[in-house]
Every structure is written in C-alpha cells, then in structure tokens.
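J.: The structure's right below; bear with me while I get my questions together.
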Amino acid sequence: MTAQTAPVALVTGGNRGIGREVCRQLAQRGHTVLLTARSAQAARVAAAAVGAVGLPLDVTDPATIAAATATVADRYGRLDVLINNAAIGYDTWQRAATADLALVHEITETNLYGPWRMVQEFLPLLRRSAQPRIVNVSSEAASLTGMSGGTPAYSASKVALNALTRMLAAELRADGILVNSVCPGWVATEMGGPGGRPVAEGATGVVWAATLPGSGPTGGFFRDGNPLPW
C-alpha cells in the first residue's frame with residue numbers, strides 16, 4: 001500500500017480519548033489518518049503521537065470545516081472514511097423536565113449539527129472514494145428501547161444522530177456509502193470517567209465500522225460489531 005492508495009480517514013475530536021485511539025488503530029492499519037481538533041496545536045501534538053496528520057477543525061464552525069475540506073481536496077483528492085466522533089455534554093445533573101435549554105442547544109450543536117455539517121461538506125470527496133464509509137459515534141444512551149430519565153441533552157442529541165444515520169444510509173446507499181452508528185460502550189475517558197472499559201476496546205468497534213467491506217451493513221447501530229436496539 002502506497003501513500004497514494006492508502007485509505008484516507010478523517011476523525012473529528014481526535015486529540016484525546018476514543019478519537020485519538022481510533023486514529024492510532026487506523027494508522028496502524030495503514031490508513032492516512034487526519035486527526036482533527038479545535039486547536040491546531042492539540043491536533044498537531046496528538047497526531048505526532050499516533051502517526052496521523054493534524055488538522056484544525058471545529059465541528060460547530062462552518063468556516064473551519066470548509067477550510068479542512070479544501071485542504072483534504074487539495075492534498076488527497078478524496079475522503080474514504082469520515083468518523084464523526086466529536087461530542088460534548090454528558091449532562092448527568094440535568095432532568096428533561098427542568099433542563100437548561102440553552103445548554104441543550106449548545107450540546108446539540110456539537111453532537112448533531114456538527115456531524116450533519118461534516119457530512120454535507122465532505123460528501124463530494126466521499127463520492128470520489130471507491131469504498132466510502134461514514135461512522136457516527138453514538139451511545140447506548142440513545143437507545144429508545146431502554147431509555148429512562150437523565151442526561152437529556154446528551155441522550156436526545158444522540159437519538160437525533162442515530163436518526164440522521166438512518167436517513168443518510170438510505171439516501172446514500174446508491175452511492176455505495178455505508179453509514180452506521182457505533183456505541184463504543186462505557187469507556188474510561190475524560191467524559192466517561194473512571195471505571196469504564198479500556199479506551200482501546202471502545203475504539204475497536206468504531207474501527208470495525210470504518211473498515212467494513214462493500215458487502216457490510218449500512219444504517220445500523222452497533223457495539224463491538226453487534227447490533228444494538230434502536
């Protein structure tokens with residue numbers, strides 16, 4: 001595999017936690033990995049540690065997304081894998097009945113509209129790929145089957161992200177673009193807190209979805225390669 005033929009993968013929120021580990025695992029598999037972060041320095045430092053290329057990008061800022069798209073188009077001419085990992089706001093202290101809606105809006109900007117912007121902007125480059133993949137990093141907190149109260153902003157934003165996954169999968173099926181949601185599980189990250197599974201284990205399911213063969217599933221919700229209930 002040469003630099004020209006290696007799959008090109010872009011990961012949002014790649015400077016720490018699951019995103020950084022996904023970048024590391026994809027780089028080990030021979031991908032050209034574009035590790036993005038809101039801070040150019042954070043992206044550069046994290047990328048150097050995992051064998052990736054750092055790229056500044058804020059999923060809430062259309063201008064930085066457009067700039068990153070132009071950079072990817074100029075350097076690589078296509079994008080093979082888009083991993084929408086950036087997320088904020090595990091609001092355990094809130095309840096839906098009393099939630100701060102300004103905070104809900106802020107969290108949704110990153111967790112839903114961020115991935116939506118990314119797909120719309122990078123879709124022309126994904127269509128140039130021979131095996132395009134979109135992976136939306138979601139959460140079992142978005143499963144309506146077992147949902148109760150708590151974390152209203154985070155859970156609602158991930159429910160909406162799962163809905164976006166389903167719609168995009170149906171709309172882009174004819175283009176050969178596989179679109180799936182992946183729950184990495186409760187992982188011991190800055191957001192997840194102590195006690196969760198190792199980061200490497202959580203990232204594996206994301207990498208699985210990013211490297212699916214053409215015959216792989218689309219429009220699904222998975223953890224560790226196994227379906228989760230919607």
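No value in this document is a laboratory result; all are computed from the given coordinates. Note that the structure is a prediction, hence the values are computed from the model and not measured. A quick note on method: Cβ atoms are made from the backbone with ideal geometry, for glycine too, and the neighbour counts reach across all protein chains shown.
J.: Read through the list (1) within 28 Å of residue 31 (Cβ to Cβ); (2) loosely packed, with under 14 Cβ neighbours inside 10 Å, then give the number of the only condition that residue 97 fails.
T.: (1)
J.: Report yes if some residue within region 74-95 is touching a helix residue (DSSP H, G or I) at 6+ places or on another chain (Cβ under 6 Å) and part of a helix (DSSP H, G or I); otherwise report no.
T.: Checked against the condition, which is being touching a helix residue (DSSP H, G or I) at 6+ places or on another chain (Cβ under 6 Å) and part of a helix (DSSP H, G or I), region 74-95 yields no hits at all.
J.: Follow-up question, since we're still on this one. For residue 106, only one of the following conditions fails: (1) part of a helix (DSSP H, G or I); (2) farther than 26 Å from residue 55 by Cβ. What is its number?
T.: (2)
J.: Could you list all residues from region 1-54 that are surrounded by fewer than 19 Cβ atoms within 10 Å (Cβ to Cβ), part of a loop (DSSP other than H, G, I, E, B) and out of contact with any Pro (no Cβ under 8 Å at 6 or more places or on another chain)?
T.: 1, 2, 3, 4, 5, 6, 16, 29, 51
J.: Cβ contacts < 9 Å: first residue within 22 Å of residue 14 (Cβ to Cβ), restricted to region 126-148; second residue in a helix (DSSP H, G or I) and of a type in the set (Asp, Glu), any location; separation 6+ or different chain. Result?
T.: 126/175; 132/175
J.: Continuing with the same structure: Consider residue 98 carefully, then state whether it is among the hydroxyl-bearing types (Ser, Thr, Tyr) and without any contact (Cβ under 8 Å) to a residue 12 or more places away in the chain.
T.: Judged against the criteria, residue 98 is a match.
J.: What is the residue count in region 59-84 for residues that are in contact (Cβ under 8 Å) with a residue 60 or more places away in the chain, within 17 Å of residue 43 (Cα to Cα) and of a type in the set (Val, Ile, Thr)?
T.: 2
J.: Shifting gears a bit: Quick one: would you say residue 110 is of a type in the set (S, T, N, Q) and touching a strand residue (DSSP E or B) at 6+ places or on another chain (Cβ under 7 Å)?
T.: In short, no.
J.: For region 64-105, which positions are farther than 26 Å from residue 209 by Cβ and β-branched (Val, Ile, Thr)?
T.: 92, 98, 104
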